[in-house]
Protein chains: 2
Amino acid sequence: MEATMRCHLLHSPLSILSSSSSSSSSTFSSSSSSRTPIISASSSFPMATTQDEAGRRKFLDFPFVSAPHKNLMLDLVSTLENRFDSQLLPCTLPPDVQHYQSQSGTAQASLQIRSGQSNSPVDFVLGSWVHSELPTGGSLDITSLSAYLNLSNDSPNFLIELIRSSPTMLVLILDLPPRKDLVLWPDDLKTFYEDTHLDKPRQDLEKIPEVQPYYSSSLYVRTVSSPTAIMVRIETPEEERMEDIIRNHLDPISKQVLGVWLDHCACAKRDVGEAERAHLKKRDGLIRGKTIEIDLGSSFPRLFGTEVANRVLDTMREYFTV
Amino acid sequence: MEATMRCHLLHSPLSILSSSSSSSSSTFSSSSSSRTPIISASSSFPMATTQDEAGRRKFLDFPFVSAPHKNLMLDLVSTLENRFDSQLLPCTLPPDVQHYQSQSGTAQASLQIRSGQSNSPVDFVLGSWVHSELPTGGSLDITSLSAYLNLSNDSPNFLIELIRSSPTMLVLILDLPPRKDLVLWPDDLKTFYEDTHLDKPRQDLEKIPEVQPYYSSSLYVRTVSSPTAIMVRIETPEEERMEDIIRNHLDPISKQVLGVWLDHCACAKRDVGEAERAHLKKRDGLIRGKTIEIDLGSSFPRLFGTEVANRVLDTMREYFTV
């Protein structure tokens, strides 16, 4: 049952010994009402403070998105955290980076970053939501979850982002962005993308009439994406249909892609030689730098003002350094 | 007037001296009837034989495609040949590789490869058409033109392919495939794709209601394409509308992309260092090998039988070696 194994069992048995409280760490338990997964607000790690727990609770609350959207995110967070279990340290970001808002209060956001322990292939896991009132009425809501591997594993990273600019409009980015040039490493293309049938979920989604391809205006974003990247724009006549699509299609598809990442990437035993490691370090560094600079660096100041944006981005930069 | 300059003027003035007959080489002259461009069947090079001229004539005839489709191809061939003028050697492929067919005669094809002279940034230019009767009636017609640069220039290559499986169905692949990993060389992304506004023609095409994105079933093909690659599937209710789209949209757009390639890639003065050259050599070699192996190696034997396919592919392999 590869899919249900904890990652450390496949990757580094030592991690079992390294945690002081692995048994009760952030677990996904069946909920009392509805199917909303309940994740412990505490990451059950001795170092976690009350403030950190409040930040985590705020993140897991996803207060501005619909129930199916929230369920999707919580399912992914719990699946990911369950697999890595005690390998993830609790989030220790400053409180004003775990939750921040614009001066006017029209935009607010939650951010959680959990670093992997030294024996983990995970460098860090980043979860976030952003809510911003729009001048036209309505709101922009972005929820995202990404997982970055360290240099001990040359597999792709994981990324999901849902951008909702109205109840009837959603952009989904769901991908395992490669960390090596797949032209030079065709075996990786085969291992991670062909043999795992990663194009299937993209094809399934394409069949839904409301789903259209989405082309990021940033050519850099297109360049770092994989050949099976799901980048779609969904527009529905009514909100109810959008919730149906999230529940019946985006939810299972995102779990499927995360499952591939967990089973065949993050938990794969990879042999990374010295030269490969140097290449990976350079490429990871460039991509992470551009993510801060292009992706966040352009939108954050607009949403939150320069001061808040700089505070958050400066803190994030520490994690994004390879 | 950069766009009208001959490439050798920008790149290597020595080439002016190296040609014995630059004045009358394959020129594009306004036609007596209609707007069909007339290109000399002779490549006007002393070494060209009568057999070679017959092969070239057969290629330029594009006997199985519609007038707008033929015009598009001839325009591109003439624009490309005019720019490189005397830098291109005539095609000296064996006659049974310049034109070949399946044993039953239901499939036939024309192939022209012109190598660049040693002072040219062009390694070779490849033009081809394939015609195959379909068991269901109707025919499959593929016309393509690609230009490969050598190691003195690290700019992208040029590629256009029109695949028509019925009078009302067409797949267009039009791209400047990068020769370096654009993640590691973001300056190249800016120079070749952003500053040249290469996404504009893709966006223009996207607006036509009959145009849908096309996803190659080969993930490798997707991997080697650029972030502005045009890969579309066009389906029209009637043949006439398809011809309109070819004439009014595909024709100007393909010229625009070729223009960017000529002005900003093939004729750009690039400084390629030793390390970059080694990287380029490795990557070019891998891509070309895969092109023969995956792209042609899978379809050629099916269309023409093993013996003919091997003869053609073995000859092509000599050009595709870096």
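Out of the residues in region A:174-196 that are assigned to a loop (DSSP other than H, G, I, E, B) and more than 10 Å from every other protein chain (Cβ to nearest Cβ), state the one that is surrounded by the fewest Cβ atoms within 10 Å (Cβ to Cβ). Even if it seems obvious, please write down each step before you answer.
Step one: of region A:174-196, the residues assigned to a loop (DSSP other than H, G, I, E, B) are A:176-185, A:195-196.
When the remaining residues are screened for being more than 10 Å from every other protein chain (Cβ to nearest Cβ), the result is A:176, A:195-196.
Details: A:L176: 26, A:D195: 11, A:T196: 20.
It comes out as A:D195.
Figure legend. Inter-residue proximity from region B:218-236: first residues within 9 Å of chain A (Cβ to nearest Cβ), second residues surrounded by 19 or more Cβ atoms within 10 Å (Cβ to Cβ) and in a strand (DSSP E or B), beta-carbon distance below 7 Å, spacing 6+ or different chains. Indicated pairs: B:S225/B:D175; B:S226/B:D175.
When B:G138, B:G116 are checked against the criterion of being under 24 Å from B:G285 (Cα atoms), among the small types (G, A, S) and away from chain A (no Cβ under 14 Å), B:G116 stands alone in meeting it.
Within region B:197-214, how many residues are of a type outside the set (A, V, I, L, M) and either in a loop (DSSP other than H, G, I, E, B) or over 20 Å from B:L182 (Cβ atoms) (or both)? Talk me through it step by step, then tell me what you get.
If we filter region B:197-214 for residues that are of a type outside the set (A, V, I, L, M), which is where we start, we get B:197, B:199-204, B:206-207, B:209-210, B:212-214.
Those left that are additionally either in a loop (DSSP other than H, G, I, E, B) or over 20 Å from B:L182 (Cβ atoms) (or both): B:197, B:204, B:206-207, B:209-210, B:212-214.
Selection size over region B:197-214: 9.
Residues in region A:201-214 that are surrounded by fewer than 20 Cβ atoms within 10 Å (Cβ to Cβ), away from every other protein chain (no Cβ under 11 Å) and touching a residue at least 24 places away in the same chain (Cβ under 8 Å): A:D204, A:L205, A:I208, A:E210. In region A:281-302, the residue that is farthest from the other protein chains (Cβ to nearest Cβ) out of those that are closer than 23 Å to A:R222 by Cβ and in contact (Cβ under 8 Å) with a residue 60 or more places away in the chain is A:D295.
Among the residues of region A:55-88, the one identified as in a loop (DSSP other than H, G, I, E, B) and open to solvent by less than 20 Å² (accessible area, probe 1.4 Å) is A:F62. Out of the residues in region A:89-110 meeting the condition of being part of a loop (DSSP other than H, G, I, E, B) and among the polar types (S, T, N, Q), tell me which one is nearest to A:G127 (Cα to Cα). So, considering only residues that are part of a loop (DSSP other than H, G, I, E, B) and among the polar types (S, T, N, Q), the one nearest to A:G127 (Cα to Cα) is A:T92. Of the residues making up region A:246-256, at least one is acidic (D, E), within 19 Å of the chain's Cα centre (by Cα) and under 21 Å from A:H69 (Cβ atoms).
Taking B:D181, is it among the acidic types (D, E), within 25 Å of A:S226 (Cβ to Cβ) and more than 19 Å from the chain's Cα centre (by Cα)? Step through it out loud before you land on a result.
On the way: among the acidic types (D, E): yes; within 25 Å of A:S226 (Cβ to Cβ): yes; more than 19 Å from the chain's Cα centre (by Cα): yes.
So B:D181 passes the test.
Checking every residue in region A:238-258 against the condition of being modelled with pLDDT of 95 or more and closer than 18 Å to A:P178 by Cβ gives at least one match.
The values are calculated or read from the model by the stated rules, or taken from the named source; none is laboratory data. The model shown is predicted, which means the values in this text are computed figures rather than measured ones. All Cβ positions, even for glycine, are placed from backbone atoms using ideal geometry, and neighbour counts span all protein chains on display. Just so you know, the surface numbers come from the protein's heavy atoms only, side chains and all, with ligands and any DNA or RNA stripped out. Shrake-Rupley method; radii C 1.70, N 1.55, O 1.52, S 1.80 Å.
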